[in-house]
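For reference, the structure discussed in these notes is given below.
The values are calculated or read from the model by the stated rules, or taken from the named source; none is laboratory data. All values derive from a computational prediction rather than experimental measurement. Here the Cβ positions follow ideal geometry from the backbone for every residue, glycine too, while neighbour counts run over all protein chains shown. Protein only, heavy atoms only, side chains kept; ligands, DNA and RNA dropped before computing areas. Shrake-Rupley method; radii C 1.70, N 1.55, O 1.52, S 1.80 Å.
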Amino acid sequence: MNKVTHQFITEEYEGIEFLNVPDAELLIRARLFTANAYAPYSNFKVAAVAKLVDGQIVKGVNQENAAYPVCICAERVLLSTAAMLHPNVGIETMAISYLNENGSSETPISPCGVCRQSLVEYQQRTNQVIRLILSGQKGKVFIVENVESLLPLSFSNKSMM
Ligand SMILES: [Zn+2]
């Protein structure tokens with residue numbers, strides 16, 4: 001029997017002022033775009049803004065529903081939009097931010113399990129590593145260099161070969 005450790009590294013910054021300009025600009029877009037979220041039930045507004053490898057920008061916000069299981073996360077709204085409008089164009093970097101109208105918005109959040117699975121699939125289908133920038137409206141910023149690191153031992157098309 002072998003014990004195997006799976007680890008990943010995040011870059012952690014004390015604030016947006018420590019990011020390079022392109023990353024800071026993308027994060028600002030995500031912070032502002034939380035205003036477009038439809039979150040009347042949770043009042044937890046999430047926005048994702050991605051820069052594609054060709055420089056185009058794609059956005060998504062969470063879409064809630066009175067029937068809660070119907071809700072869609074901002075990340076998957078973005079991925080569906082990108083796939084529809086820009087098929088086969090990889091995502092270089094995605095910034096994810098949120099505005100918690102019931103509390104604080106100062107700690108980075110990371111994608112839920114369903115979104116992690118979707119991000120890994122998107123990365124594989126476009127053959128382009130996706131970076132994530134995670135932050136609230138202010139405060140710390142986490143950068144994840146490869147979404148696959150968020151889902152060790154993930155199920156993928158390779159699993160079915
Ligand atoms: Zn999600």
So the pair-distance distribution of segment 1-121, from every Cα-Cα distance in 10 Å bins, comes to percents of 12, 41, 33, 11, 3, 0
Which of Lys138/Lys158; Lys59/Lys140; Lys3/Lys158; Lys45/Lys158; Lys3/Lys138; Lys51/Lys140 exceed 30 Å between C-alpha atoms? The answer is Lys138/Lys158; Lys45/Lys158; Lys3/Lys138
For Arg131, residues with placed amide H under 5 Å, excluding near neighbours: Thr93, Met94
Which peptide among 114-121, 131-138, 18-25, 79-86 comes first, and what is the full order, when sorted by highest mean count of other Cβ atoms within 10 Å? 131-138, 114-121, 79-86, 18-25
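What is the percent carbon and sulfur in the accessible area of segment 61-154, measuring with a 1.4 Å probe over the protein chains and ignoring ligands? Let's see the in-between values first.
Details: 2280 of 4280 Å².
In segment 61-154, the share of accessible area belonging to carbon and sulfur is 53 percent.
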Full-stretch length increase - Gln124, Gln137 - with 0.36 nm per residue and alpha-carbon distance subtracted: 1.7 nm
In whole Å, what is the distance between the alpha-carbon centres of segment 125-161 and segment 24-70? 17 Å
Separation of the Asn65 and Ala35 label points, Cα + 7 Å toward Cβ, nm: 2.8 nm
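Restrict the search to segment 1-71; then list the trypsin sites (Lys or Arg not before Pro) that DSSP places in a loop and that have at most 11 other Cβ atoms within 10 Å of their Cβ.
Lys3
Accessible area per residue for the chain in Å², computed with a 1.4 Å probe and the full protein assembly in place, what is it? Please report the intermediate quantities before stating the final value.
Details: 8890 Å² over 161 residues.
Heavy-atom accessible area per residue stands at 55 Å².
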